[in-house]
Amino acid sequence: MSETSHVNNKSALTYFIADLHLAQNRPDITACFLSFLKNDAPKAQTLYILGDLFEYWIGDDDNSPFLLEISQAIKALTVLGCKIYFIHGNRDFLLGKRFAKQSGMELLPEVTLIDLYGTPVVIMHGDTLCTRDVGYQAFRKKSRSWWWQAIIKSLPLFVRRKIASNYREQSATATAMKSQDIMDVTDSEVVHCLEQYQSQILIHGHTHRPAIHDVKANNQQAQRIVLGDWYEQGAWLKVTPDSMDLMDRPFE
């Protein structure tokens with residue numbers, strides 16, 4: 001278990017985002033994210049990025065102008081005093097220390113317990129909660145192994161790009177064939193996670209179904225907060241000491 005304490009004093013405001021799936025072929029998402037970093041995020045002391053910031057990640061040695069623009073924008077936010085934390089998603093789990101340092105982000109374990117204004121809150125990407133998606137969980141286990149990652153990282157950059165492109169097509173096809181129930185979280189896994197970390201609030205992304213769910217864990221009421229994706233609009237969770245609100249903004 002990892003526990004991080006972040007008591008915000010700057011403006012008593014924290015943002016959570018996930019599932020932006022930034023890619024060069026979606027300039028609308030990129031523009032919305034850059035606007036968010038410039039106009040909204042500076043108001044907060046802390047920004048948590050809970051995975052799938054990018055549509056795919058083939059290695060920190062990818063020095064494309066697109067990624068450089070994103071890293072510079074994130075770094076500019078940290079210069080303004082906003083602390084940024086990153087948890088890997090199922091699309092960008094290969095993102096490493098090099099890019100994180102370049103962007104000014106701090107990498108967190110895949111499940112992290114934070115102190116949010118005095119309240120213990122569990123944060124994660126959320127893919128591990130979808131235990132009914134057996135095929136994906138098998139791939140996840142393999143792709144997180146040291147040997148698999150070592151093999152992938154040893155390949156030339158252009159080969160990794162091709163592999164990533166093929167995987168995206170295969171993933172889209174597989175997803176279209178799966179039921180919505182299979183791709184959603186398993187309720188018992190949510191309860192287990194909350195009870196393991198002795199928390200009453202879980203924040204995650206991955207399912208692209210923004211909502212605040214009431215659940216029961218540790219023999220009392222609890223909440224599961226799901227972050228929205230950025231496919232059709234910008235989306236984030238705005239947290240103050242007194243409120244938690246899911247926000248969204250149409251693309252301009």
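Table for the structure above
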{"item": "Residue in the range 10-49 that is most open to solvent (accessible area, probe 1.4 Å), counting only those that are at pLDDT 95 or above and among the basic types (Lys, Arg)", "result": "Lys38"}
{"item": "Some residue of the range 195-209 being part of a loop (DSSP other than H, G, I, E, B), open to solvent by less than 70 Å² (accessible area, probe 1.4 Å) and hydrophobic (A, V, I, L, M, F, W, C)", "result": "no"}
{"item": "Hits in the range 212-227 - residues which are outside any strand (DSSP E or B) and surrounded by fewer than 23 Cβ atoms within 10 Å (Cβ to Cβ)", "result": "Asn218, Asn219"}
{"item": "Failed item in (1) under 15 Å from Asn90 (Cα atoms); (2) touching a residue at least 40 places away in the same chain (Cβ under 8 Å), with Ser145 passing the rest", "result": "(2)"}
{"item": "Complete set of residues in the range 85-103 that are crowded, with 21+ Cβ neighbours inside 10 Å, of a type in the set (Gly, Ala, Ser) and in contact with an Asp or Glu (Cβ under 9 Å, 6 or more places away or on another chain)", "result": "Gly89"}
{"item": "Residues that are open to solvent by 60 Å² or more (accessible area, probe 1.4 Å), among the charged types (D, E, K, R) and out of contact with any strand residue (DSSP E or B) (no Cβ under 7 Å at 6 or more places or on another chain), drawn from the range 62-84", "result": "Glu69, Lys75"}
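The values are calculated or read from the model by the stated rules, or taken from the named source; none is laboratory data. None of the values given here were measured: they were computed from a predicted structure. When we count neighbours, we look across all protein chains shown, and the Cβ atoms used for this are built from the backbone with ideal geometry, even at glycine. All accessible areas refer to the heavy atoms of the entire protein, side chains included, with ligands and DNA or RNA removed. Shrake-Rupley method; radii C 1.70, N 1.55, O 1.52, S 1.80 Å.
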